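Rule-based calculations on the coordinates, nothing more; no lab input. Worth saying up front: this structure is predicted, and the values here are computed from it rather than measured. Glycine gets a Cβ as well: all are built from the backbone with ideal geometry, and neighbour counts include every protein chain shown.
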Amino acid sequence: MHEMEANMSATEIATRHFTAAIADAEAAGHDADGVCRALLSLIVSKYLESRPVADVQSELRFVADNCDSDTDFMFMRP
């Protein structure tokens with residue numbers, strides 16, 4: 001592990017690599033959608049190495065159900 005990564009949060013590490021992947025794709029003439037689909041597939045495959053299918057489906061469903069920033073999370077009160 002690089003020394004810089006040792007002091008970074010998981011979110012910071014993921015963001016750095018995601019940004020680099022998008023930049024690499026654009027430089028190679030690919031759109032961001034293709035890279036996002038490929039990364040999502042890799043993420044699901046990695047989850048399935050240690051989590052049951054139902055758990056992964058639940059995780060994905062939660063993200064999908066809560067991706068609208070204009071809508072409160074179901075557990076939030078008005």
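Worth a mention:
- Of the chymotrypsin sites (Phe, Trp or Tyr not before Pro) found in the range 12-75, those that fall in a DSSP loop while having at most 16 other beta-carbon atoms within 10 Å are PHE73, PHE75.
- Only Cα sites of the range 1-53 enter the Debye sum here, all with the same form factor; the resulting log10 I(q)/I(0) across q = 0.30 1/Å is -1.04, listed in q order.
- A simple rule links phi to the HN-Hα coupling: the Karplus curve 6.51 cos²θ - 1.76 cosθ + 1.60 with θ = phi - 60°, which for the range 24-33 gives 4, 4, 4, 5, 8, x, 9, 8, 5, 4 Hz, with x for Gly and Pro.
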